[in-house]
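Structure, as structure tokens:
Every number here is computed from the coordinates shown, using simple stated rules; none is lab data. Note that the structure is predicted; figures quoted are calculated from it, not measured. Reconstructed Cβ throughout: ideal geometry from the backbone, glycine too, with neighbour counts over all protein chains shown.
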Amino acid sequence: MMTLYCAICGGRFEPDDYHRWVDAEEKPGRESFTRIDSYALHVDCWDRLTAGWMDPA
């Protein structure tokens, strides 16, 4: 089974554990491609990171 690592705290977890995936998209200025990176996070780490964020418009 594959082991995942939280992008915030670095802690390990298994894919069947409750977790969240986040895609980060980088829009280049002059390059012809868009870069997308995916990150796995513990739900608790995600909640601490996003506490106080406003809802998207």
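Report, please, the projected area of the chain averaged over directions, based on the convex hull of its C-alpha atoms, in nm².
5.8
Which distance in nm do the two modelled labels at Trp53 and Arg12 give, with both placed 7 Å along the Cα-to-Cβ direction?
2.8
Once you place label points 7 Å from the Cα toward the Cβ at Glu25 and Asp44, how far apart are they in nm?
Going by the 7 Å Cα→Cβ label model, 3.2 nm.
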